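Step one of this worksheet: look at the structure below.
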Amino acid sequence: MTMENIYKYIKEHATRPDEALEWIEKQTHIRTNHARMLSGSVQGQIMKMLVQTSGATDILELGTFTGYSAVCLASGLPSGGHLDTLELNDELEELILEGFERAGLADVIDLHIGDCKETLKRFREEGREYDMVYMDANKREYCEYYELVFDMVRPGGLILADNVLWDGKVCQDPLPQDRQTLGIARFNDMVTEDRRVESVILPLRDGLNLIRKK
């Protein structure tokens, strides 16, 4: 049995996404050229359950894209919970906000359009704190994001980093020298060597690094 067949079976036996997520997925295919960037229903359900089981009340997301993962994360929040999500591409703003409205989460999620690192620096100055951070923005800058968000994560909090296997390129020998692969490989090494955390890479889709701050 191929991995494609296994993933198909897993998807068929996971909780089905609701209408709002199905709408976001459909609109992503219609209105963008990068539908492959969607988290997808299996990873989305896992992230929602991580929020629920961890008891997170404040979440930060780096890289909204069309809002699928933000809705999944926010859906797991308890009453009074909040999610800040950062996106560079202002052309996606209308689609993102409509998805939040359809999911009934417009009052739970704040969308911040602009450069991710500049927004994170402002958040640090404001003293914001989070129980969970989900990283899915520019792969070349994962190390910088990690350093910027680390002090904003409460002890016992989680950092989830997506695409850390990068189509298997990080496992190749010799390592490809494109900036994305080098950035992710450097990030994975940084996390492994960081004694302030414990971590494990889950072979889910393109790899999800699950990092817990001690």
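The values are calculated or read from the model by the stated rules, or taken from the named source; none is laboratory data. Keep in mind the model is a prediction, meaning the values are calculated, not measured. Glycine also receives a Cβ, built like all others from the backbone with ideal geometry; neighbour counts cover every protein chain displayed.
Put simply, of Thr181, Thr192 the only residue that is surrounded by 14 or more Cβ atoms within 10 Å (Cβ to Cβ), more than 18 Å from Leu62 (Cβ to Cβ) and among the hydroxyl-bearing types (Ser, Thr, Tyr) is Thr181.
Kindly evaluate Ala56 against the criterion of being crowded, with 20+ Cβ neighbours inside 10 Å and more than 13 Å from the chain's Cα centre (by Cα). Considered against the rule, which asks whether it is crowded, with 20+ Cβ neighbours inside 10 Å and more than 13 Å from the chain's Cα centre (by Cα), Ala56 comes out as yes. Each residue in region 26-44 was checked for being more than 14 Å from Tyr134 (Cβ to Cβ), in a helix (DSSP H, G or I) and of a type outside the set (D, E, K, R), and 7 pass.
Taken over region 143-159, the residue count meeting the criterion of being of a type in the set (Ser, Thr, Tyr) and farther than 14 Å from Leu86 by Cα is 1. Restrict the check to region 128-146 and report whether at least one residue is charged (D, E, K, R), in contact with an Asp or Glu (Cβ under 7 Å, 6 or more places away or on another chain), closer than 30 Å to His29 by Cα and surrounded by fewer than 16 Cβ atoms within 10 Å (Cβ to Cβ). No: zero hits.
Residues in region 1-32 that are more than 11 Å from Tyr68 (Cα to Cα) and of a type in the set (Gly, Ala, Ser): Ala14 only.
Restricting Met37, Met47 to residues that are at pLDDT below 95 and either within 12 Å of the chain's Cα centre (by Cα) or surrounded by fewer than 22 Cβ atoms within 10 Å (Cβ to Cβ) (or both) narrows the list to Met37. Taken over region 195-214, the criterion of being in a strand (DSSP E or B) and either touching a Lys or Arg at 6+ places or on another chain (Cβ under 8 Å) or exposed (fewer than 14 other Cβ atoms within 10 Å of the Cβ) (or both) is satisfied by Val197, Glu198, Ser199, Val200, Lys213.
Checked against the criterion of being in contact with a strand residue (DSSP E or B) (Cβ under 6 Å, 6 or more places away or on another chain) and within 15 Å of Leu158 (Cα to Cα), the candidates Asp110, Asp90, Asp58 yield just one match: Asp58. Of the residues making up region 68-124, those that are within 24 Å of Gln45 (Cα to Cα) and of a type in the set (Gly, Ala, Ser) are Ser69, Ala70, Ala74, Ser75, Gly76, Ser79, Gly80, Gly81, Gly99, Ala103, Gly104, Ala106. Of the residues making up region 154-169, those that are more than 15 Å from the chain's Cα centre (by Cα) and modelled with pLDDT of 95 or more number 3.
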